[in-house]
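Participant: Got a structure for you, questions after.
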Amino acid sequence: MRRKMLIIVPVIILLLVSGGLSLYFYNETEKVNNFLIGDKYTALYEQVSKQEDINELLERVSNEKKYTFKDAYVEVNPYKISPLSGIIIFNTNKSEEVKVYINEIFVTTMESANKHIIPIYGLRENFDNKIKLVMNDEEMVYSMKTEDSKIEFPLTVNTRSELLNNEELYFTVASFSTYLTGWDSLGNLRFYLTVDNRMDVEWLDNGHFLIGTSQGQFAENFIAFVEMDYLGKIYNYYVPSNGYSFEFQNLTNNTLMLAGGKNPVYLEEQVIYTINKSDGKTIDLLNLSEVILSIDPEFDKTYLGQKAIRNSFYYNEATDELLVSFRGLDAILSFNFHGKTLNWIYTDPNNELFLRDVWKSYLVKSKTGIYPMGQHSVIFTNDGNIGIFNNGYNRLHGFENGGNDLVSYYKDNYSSVDIFKIVKNEATLVWRYDANKTMFSHQYGSVRETNLGYLLNFGYNLKDEYRNDENGSLSKAEATQENIYSRIIEVDKNKNILFDATCEEGKYRAFKHNIYSEKSENVKVDALNIYENLKKDETRESTYKEEKIVDASEWIYSCDFTKNTFATNYEITKFDDMKFLFVNKTGKIYAFNYKDRDNEVLNKIFNVNLPNGEYALYINLNGNIYKTNKVYKF
């Protein structure tokens, strides 16, 4: 009996211990699993992440032999953000060219291929569009029915010349409600995006275009931009090292030039830099603030950051001359980009920012006494002159800086497009269009050269009745669309009006472009490159026990997170300390210090790169732990 007990007791103890351990590990596993309960999201920017599934679907469709010229796959708005577009997919036994007609108008010839993935652009809204495909002696007509856009602010055409090609569209960028739109010369909407992409648009030779995303927005500064086509398909998603704001320019040698800051979004120092299109990596950078301070160390630094409102640039690759518009300074500056030097400054000679003797040799004198005033959209014209949209009021002393806010004070102000020839620091006005001094666009505006002349965007005009309202103010006009309108005019070099349209919405810029080339490539539906070049942020590894997240409270505020941005309706203050805790399925935590106490930057831009997997997001706010009930896939 004693011998049996000596055997049984240890076995019982072992069973109790192992059972206890099993129960412990079961409870611990359940506890960890409970951490990952919640709605699931991708840490990638949503506009980009949604395209991955669509690409996969369309790639599968394109490989199915059942779709033929006579029985093709047809879909309207395949990428869900461009409602006046569509796609037609089919296969042929041998390589064939296909001619494309939309509503009886020939638009393009598709490249010869066996696998045909044909993009259809420029459809009419609320219309049963007929797409005719012609291949050898065969022809097939497909239907693409579109819905009413319900766009709040249509474009109304007042004048249209017979010289215009109706397939060249007038594109507008607005940030109030309609985003990027494209209109034909008859005023028909032919393209629009339903997502908030904005600022500059740069067209590429491959039929795609560049446009900024609104991701990480602070003022007019963002962290990313995309290369997309009119389907809304994204080919390249760029998160460059120094952010993006207002402008970019396509250069030779596979490079892009763009504007940003020494740090993305929060522009304490303004920079212009070039990146490689193939990987998004920075090639060269010009710090505009450093150049100015090297000449004048006493320069007011508040006008070197966000307050400068560096709203456009234009680069001449042949001469290495870079024009930069500083709206906040009422000045155009010319730099040598690679030489990192300043050539000249075109500003009113009484501008107090440039009164010190060190600036005398740089200042450009005007023969006519006309100088930049709150200007936008600086360009080099084809004949080497310099064009600006001259808003026509002193921005340095405007209502934004404590100046007079009443619109009645500006009753004699007007906006114009001015083209100058600058030689040896002397400016001669060679061309001006001021619409008989009838429009005052104090906020937006742009000028672009076209094959017929110039496209002028008086983008934010005060209505006449509002200018006569003794209680009217510029600040109120900027707050809503009620008292302004935009006017888009194309003129020839002799100022004859070719196109004139109005819209009851402010327009940041206007462009003119043909959405089809004579010959087009099939859509590469599997292409989606992500080029992230923000500096990587460090994380600290710990466990759920160390961070004591078991009894976390509910985060009752909104929580919108990507691997680069965070937004919430909790009002973060400079006195807050905030950390993100990313918990994986093993209970391991990666802690990211989002904000230290007394840090003035309340909405940080970051780059959190975690090992592939799913992570529950917890927030440590001032030592208190909160669960967001959101799980993010990295």
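The values are calculated or read from the model by the stated rules, or taken from the named source; none is laboratory data. Bear in mind the structure is a predicted one, so any value in this text is a computation, not a measurement. Quick reminder, even Gly has a Cβ in these numbers, built from the backbone with ideal geometry, and neighbours come from all protein chains shown. Just the protein is used for accessible areas: all its heavy atoms, side chains included, with ligands, DNA and RNA removed. Shrake-Rupley method; radii C 1.70, N 1.55, O 1.52, S 1.80 Å.
Participant: I'd like the Karplus ³J(HN,Hα) series for the stretch 151-163: coefficients 6.51, -1.76, 1.60, θ = phi - 60°, whole numbers in Hz, and an x wherever there's a Gly or Pro.
Facilitator: Coupling constants for the stretch 151-163: 5, 6, 10, x, 9, 9, 8, 9, 9, 9, 7, 5, 6 Hz.
Participant: Sticking with this one: What is the stretch 214-313's relative contact order, in percent, from Cα pairs under 8 angstrom and six or more apart in sequence?
Facilitator: 20 percent.
Participant: Apply the Karplus parameterisation 6.51 cos²θ - 1.76 cosθ + 1.60, with θ equal to phi minus 60°, to every residue of the stretch 185-201 and state each ³J(HN,Hα) to the nearest whole Hz, in sequence, with x for glycine and proline.
Facilitator: In residue order, the calculated couplings are 6, 8, x, 7, 6, 10, 7, 7, 9, 9, 10, 7, 9, 7, 6, 6, 10 Hz.
Participant: As an exercise, use a Förster radius of 60 Å and the Cβ-Cβ distance of D492 and N34 to find the FRET efficiency, rounded to the nearest 0.05.
Facilitator: Plugging the Cβ-Cβ distance into 1/(1 + (r/R0)^6) gives 0.30.
Participant: Charges at C-beta only: +1 for Lys and Arg, -1 for Asp and Glu. How large is the resulting dipole of the stretch 99-171 about its Cα centre, in Debye rounded to 20?
Facilitator: 100
Participant: While we're on this one: Charges on Cβ only, +1 for Lys and Arg, -1 for Asp and Glu, centred on the Cα centroid of the chain; of N350, Y179, A72, which one is farthest towards the dipole's positive end?
Facilitator: It is A72.
Participant: If you don't mind, another one. State the Cα centre-to-centre distance between the stretch 364-383 and the stretch 449-504 in whole Å.
Facilitator: Centre-to-centre (Cα) distance: 19 Å.
Participant: Could I ask something else about it? How large is the charge dipole for the stretch 427-467, taken about the Cα centre, if only the Cβ atoms of Lys, Arg (+1) and Asp, Glu (-1) carry charge, to the nearest 20 debye?
Facilitator: Dipole magnitude for the stretch 427-467 comes out near 40 debye.
Participant: Apply the Karplus curve 6.51 cos²θ - 1.76 cosθ + 1.60, θ = phi - 60°, to the phi angles in the stretch 297-306 and return the couplings in whole Hz, x for Gly and Pro.
Facilitator: Running phi through 6.51 cos²θ - 1.76 cosθ + 1.60 with θ = phi - 60° gives x, 8, 4, 5, 5, 5, 9, 10, x, 4 Hz.
Participant: Using a 1.4 Å probe on the protein heavy atoms, what percent of the accessible area of the stretch 516-634 belongs to carbon and sulfur?
Facilitator: Using a 1.4 Å probe with all protein chains present, the stretch 516-634 comes out at 44 percent carbon and sulfur.
Participant: Bin all alpha-carbon pair distances of the stretch 531-618 at 10 Å intervals from 0 and give each bin's fraction as a whole percent.
Facilitator: All Cα pairs, binned at 10 Å, distribute as 15, 48, 34, 3 percent.
Participant: Moving on to the next point. Once you order the gyration tensor axes a ≥ b ≥ c over the Cα atoms, which shape class does the stretch 234-341 get: rounded for a/c under 1.5, otherwise prolate or oblate by comparing a/b with b/c?
Facilitator: prolate
Participant: Give me the base-10 log of I(q)/I(0) for the stretch 357-402 at each q in 0.17 Å⁻¹, Debye formula, one uniform scatterer per Cα, rounded to two decimals.
Facilitator: Computed log10 I(q)/I(0) values: -0.69.
Participant: Moving on to the next point. Taking amide H positions as placed 1.01 Å from N in the peptide plane, with prolines and chain starts having none, which residues 5 or more places from I515, or on another chain, fall under 5 Å of its amide H?
Facilitator: Under 5 Å from the amide H of I515: L169.
Participant: OK, next. Quick check: residue separation of I295 and Y409 times 0.36 nm, minus the Cα distance between them. What number comes out in nm?
Facilitator: Taking I295 through Y409 to full extension adds about 37.4 nm, to one decimal.
Participant: Let me ask you something else. Taking only C-alpha pairs under 8 Å that are 6+ residues apart, what is the relative contact order of the stretch 319-475 in percent?
Facilitator: 19
Participant: Please go through the stretch 474-555 and write out the GluC sites (Glu not before Pro) that DSSP classes as loop and that have at most 12 other C-beta atoms within 10 Å.
Facilitator: Answer in residue order: E482, E518, E538.
Participant: Which of the listed residues, V239, T319, T302, is farthest toward the dipole's positive end in the stretch 210-354, when Lys, Arg count +1 and Asp, Glu count -1 at the beta-carbon?
Facilitator: Comparing the listed Cα positions along the dipole, V239 ranks first.
Participant: Additional query: Which of the DSSP-defined H helices in the chain satisfy a minimum axial length of 18 Å, computed from C-alpha atoms, and a minimum mean Kyte-Doolittle hydropathy of 0.0?
Facilitator: For the chain, where a helix must reach 18 Å along its axis and average at least 0.0, the hits are 2-35.
Participant: Over the Cα atoms of the stretch 314-374, each weighted equally, I'd like the Debye log10 I(q)/I(0) at q = 0.12, 0.17, 0.22, 0.25 Å⁻¹, rounded to two decimals.
Facilitator: Computed log10 I(q)/I(0) values: -0.29, -0.58, -0.91, -1.09.
Participant: On the accessible surface of the stretch 45-97, probed at 1.4 Å, how many percent belong to carbon and sulfur atoms?
Facilitator: Using a 1.4 Å probe with all protein chains present, the stretch 45-97 comes out at 46 percent carbon and sulfur.
Participant: Between S149 and K588, what FRET efficiency follows from the Cβ-Cβ distance if R0 is 45 Å, with the result rounded to 0.05?
Facilitator: Working from the Cβ atoms, E equals 0.40.
Participant: Follow-up. On a full-extension model of 0.36 nm per residue, what is the gain between I370 and K574, subtracting their alpha-carbon distance, rounded to one decimal in nm?
Facilitator: 69.0 nm
Participant: Next up: Spin-label point model (7 Å from Cα, Cβ direction): what's the N206 to Y101 distance in nm?
Facilitator: Taking the simple label geometry, N206 and Y101 are separated by 3.1 nm.
Participant: What order do you get for 83-90, 556-563 when each peptide is scored by the mean count of other beta carbon atoms within 10 Å, highest first?
Facilitator: 83-90, 556-563
Participant: Averaged per residue, what accessible area in Å² does the chain show with a 1.4 Å probe, protein chains only?
Facilitator: Solvent-accessible surface per residue comes out at 45 Å².
Participant: Related question: Counting only Cα atoms, I'd like the Rg/Rh figure for the stretch 435-586, Kirkwood definition for Rh.
Facilitator: 1.19
Participant: At what distance in angstrom do the alpha carbon centres of the stretch 543-585 and the stretch 102-163 lie from each other?
Facilitator: So the two Cα centres are separated by 48 Å.
Participant: In whole percent, what relative contact order does the chain give with Cα contacts below 8 Å and a gap of six or more residues?
Facilitator: Reported relative contact order: 13 percent.
Participant: Gain in length, K633 to D137, computed as 0.36 nm per residue apart minus the alpha-carbon separation, to one decimal in nm?
Facilitator: Taking 0.36 nm per residue and subtracting the Cα distance, the gain is 173.5 nm.
Participant: Moving on to the next point. Just to verify a number: FRET efficiency for E518 and N401, C-beta to C-beta distance, R0 = 51 Å, to 0.05?
Facilitator: With a Förster radius of 51 Å, E is 0.50.
Participant: Additional query: I'd like the distance between the alpha-carbon centres of the stretch 505-523 and the stretch 243-258, rounded to an integer number of Å.
Facilitator: Centre-to-centre (Cα) distance: 18 Å.
Participant: Then there's this: Let me know the charge dipole size of the chain about its Cα centre in debye, to the nearest 20, where only the beta-carbon of Lys, Arg (+1) and Asp, Glu (-1) is charged.
Facilitator: The calculated dipole for the chain is roughly 1780 debye.
Participant: Counting residues in the chain as N, plug N into 2.2 N^0.38 Å and put the Cα Rg over that result.
Facilitator: Normalised Cα radius of gyration, the chain: 1.14.
Participant: Counting only DSSP beta bridges with both residues in the chain, tell me the antiparallel percent, nearest 5.
Facilitator: If we restrict to bridges inside the chain, about 90 percent are antiparallel.
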